[in-house]
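Below: the structure, in structure tokens.
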Amino acid sequence: PLIGSENFGINFIINCKNFLPTEPRDGIHLKSDKDQVKDQEEKNREIIKKCTEIIFSFLNSNVLQVSNPLLYTNVHFKTDSENQTLNEYFEELQNDWNEKLRSLPFVKTVEGYKTIQEVYYFSEDFLNSDDNTFDCFYELISKFYNIIPIKEEAIKWSNYAINWKSDNINFITHNDLLEKVSECNLEGFNTDTLKNYYQHLIDIEHVNVFNDYKLLPNIEGYF
């Protein structure tokens, strides 16, 4: 059944006449504590497992050039429903997809395409801002990190990475960036970019960092 499948958690449609749908035909039995549908749930889960294997066999086969791999990698299974048993199943499925995705060279970076596990993504600290502020973030981060998504795709890739809910994904935070900045001097920085970044930190009341790190230049330009 296609109804509701657009919210399933992956950007693929699994089309199989062997699925055993729920009575209104608006979903499929997957995982619950109901003994009467246990067999149906096992069959449906087995179909999804086989289809997952087929999808990743295709993605790893290089049968065709993937023009926009970003579209394939939005994996976000719903794990906060009232059905805890179903949540646990989707957590397992999320982890399975995360593990399979990690080694795919799908992320376009300033150094070419890299595997998902190699790339550094932007934490939520950097994502909820206007375009000009994000330009400042990206300019500063790219000074210290090379394997990051290209600017045009950085926000989407980072949001997808957050949705993966994986402990094996690298995220850059304000503290990571500020630690890098504190090891430098004013030479080599665009001072307007640095001022705008510092102003943003003040605006979000993240002012403690000016005590925690050496960030303000003296007359010689040393922080």
For residue 107, list long-range residues whose amide hydrogen, built 1.01 Å from N in the peptide plane, is under 5 Å from its own amide hydrogen.
114, 116
Estimated inter-spin distance, residue 193 and residue 36, nm [label 7 Å along Cα→Cβ]
6.4
Would you work out which of 161, 112, 218 lies farthest towards the positive end of the dipole of the chain? Charges go on Cβ: Lys and Arg +1, Asp and Glu -1.
112
Identify which of the listed values of Kirkwood radius over Cα pairs in Å was calculated from the structure shown: [x] 20.3; [y] 22.4; [z] 17.6.
[x]
Listed residues 95, 68, 11, most fluctuating in the chain (Gaussian network, C-alpha, under 10 Å):
68
Full-extension gain in nm, residue 206 to residue 115, via 0.36 nm per residue minus C-alpha separation:
29.5 nm
Would you mind computing, in nm to one decimal, how far apart the modelled labels at residue 72 and residue 179 are, each placed 7 Å from Cα along Cα→Cβ?
3.4
The size of the Cβ-based charge dipole (Lys, Arg +1; Asp, Glu -1) of the range 148-221 about the Cα centre, to the nearest 20 debye, is 200
Using DSSP to define loop residues, name the GluC sites (Glu not before Pro) in the range 29-102 whose beta-carbon has at most 11 other beta-carbon atoms within 10 Å.
82
Residue-wise, which Karplus ³J(HN,Hα) couplings in Hz belong to the range 115-123, taking 6.51 cos²θ - 1.76 cosθ + 1.60, θ = phi - 60°, and x for glycine or proline?
5, 4, 6, 7, 7, 9, 10, 8, 5
Apply the Karplus parameterisation 6.51 cos²θ - 1.76 cosθ + 1.60, with θ equal to phi minus 60°, to every residue of the range 50-60 and state each ³J(HN,Hα) to the nearest whole Hz, in sequence, with x for glycine and proline.
5, 5, 4, 5, 5, 4, 6, 5, 5, 5, 8
Residue farthest toward the positive end of the dipole of the chain, with Cβ of Lys/Arg at +1 and Asp/Glu at -1: which of 140, 89, 27?
27
Amide H neighbours of residue 122 under 5 Å, counting only residues 5+ apart in sequence or on other chains, H built in-plane at 1.01 Å?
158, 172
Charge dipole magnitude, Cβ of K and R +1, D and E -1 - the chain, Cα centre, debye nearest 20:
880
The simple spin-label model distance between residue 156 and residue 14, using points 7 Å out along Cα→Cβ, in nm, is 2.5
Under a point-charge model restricted to the Cβ atoms of Lys and Arg (+1) and Asp and Glu (-1), what is the dipole moment magnitude of the range 98-183 relative to its Cα centre, in debye to the nearest 20?
400
C-alpha long axis of helix 84-101 to longest principal axis of the chain, angle in °:
60
Percent of beta bridges antiparallel (DSSP, the chain, rounded to nearest 5)
65
Given springs between every Cα pair under 10 Å in a Gaussian network model of the chain, which of 211, 60, 190 has the largest fluctuation?
211
Which FRET efficiency value, to the nearest 0.05, do you get for residue 47 and residue 22 by plugging their Cβ-Cβ distance into 1/(1 + (r/R0)^6) with R0 = 25 Å?
0.95
Using θ = phi - 60° and the Karplus relation 6.51 cos²θ - 1.76 cosθ + 1.60, list the HN-Hα couplings for the range 174-186 in order, rounded to whole Hz, with x at every Gly or Pro.
4, 5, 4, 5, 5, 5, 5, 4, 5, 8, 10, 10, 5
Taking only Cα atoms and a 10 Å spring cutoff, compute GNM fluctuations for the chain and point out the largest among 48, 204, 141.
204
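The numbers here are math on the coordinates, done by the rules we state, and not lab data. These numbers come from a predicted model, not from an experiment. Every residue, glycine as well, gets a Cβ built from its backbone with ideal geometry; the counts of neighbours run over all protein chains shown.
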